[in-house]
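The next block holds one structure in the form of structure tokens; read it before the comments.
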Amino acid sequence: MENAWIDARGEGAPIAEAETSAGRGTLINAILSRKSVSPKHLGEPGPTEAEIELILQAALTAPDHGNLRSWRAILIPPSRREELAELFKLAKLEECPNATGDDLDRAGQKALNGPLLIALLLNPVADHAEVTVEEQYIALGAALQNMLLAAHVLGYGAMTTSGRKMQSRALREAFVRVPGEQLVAFVTIGMRARNSRTRPTVSGKPYVSQWEAHSDPSQHCGETGAKLQTSGCP
Ligand SMILES: Cc1cc2nc3c(=O)[nH]c(=O)nc-3n(C[C@H](O)[C@H](O)[C@H](O)COP(=O)(O)O)c2cc1C
């Protein structure tokens, strides 16, 4: 089955072999077949400029209560990867002052893996009348998933990574521009160096139940809920 999204990328875009196989033709198949690929196994080529634009457009179509767009993405140019690797090492030293040379090399390598590296930051609006900070993290998560799906449909592997380094002074000083902004995750995108394992089907049933009335009202957990914000009421 032909893949309408791949066709929509425009002429001249490279179509990865995996993307021409049957079964990728529907959105549901794309979602069900996406699988993270470790940045260690992501190689050249990375997405083209036009594909990066599509990936960002995909992120921007994710649900976002109030369209706050309190997140932003920063592309790390290849020419600055070594600089980032030094910051990853400094972050490791902040976390583990006794880190060995090998530990630092491993930490630094994480900044060098994969052809495209994107940092995601969130600057949540703390006092919005309607939209909680949690909802803004969810909106960023939805944008992130759309990026991963877009990369997958375009024939690339991708993975989100983070870790304790995200809170390090070294990385915060390099990325955070306003008080309250959080460095949330990195997304690496590139061509899979090897075929990833097929994702096993996971049943949704254990994760869902029917809403039923409490048979014994005394079993209610007793929480009364947070006080509703009443400012702005008529
Ligand atoms: C915000 C975020 C940060 C993550 N950080 C890491 C990480 O630092 N290291 C890691 O191994 N997995 C991390 N993960 C999980 C992987 O990206 C991936 O989702 C997981 O390995 C499951 O693989 P799958 O996406 O194929 O289901 C993170 C996921 C999210 C959403």
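Read-outs throughout are calculated quantities, based only on the coordinates presented, and are distinct from any laboratory measurement. Treat the numbers as computed from the prediction; the structure is a model and nothing was measured. Cβ sites come from the backbone with ideal geometry, for glycine too, and all protein chains shown count toward neighbours.
Where a Cα-Cα gap under 30 Å defines reach, which lysines qualify for LYS205, not counting those fewer than 8 residues away within the same chain? Counting by Cα, and skipping residues close in sequence, LYS205 has these lysines nearby: LYS35. Each residue in GLU49, GLU95 was given a count of other beta-carbon atoms within 10 angstrom of its own, and listing them fewest first yields GLU49, GLU95. The stretch between ASN67 and ALA126, if pulled fully straight at 0.36 nm per residue, gains 19.8 nm over its current Cα-Cα span. Note on the range 4-196: dipole from Cβ charges, positive end direction compared against LEU90, LEU116, HIS128; the farthest Cα belongs to LEU90. For the range 4-196, a crude dipole built from +1 on the beta carbon of Lys and Arg and -1 on the beta carbon of Asp and Glu, taken about the Cα centre, is about 460 debye to the nearest 20.
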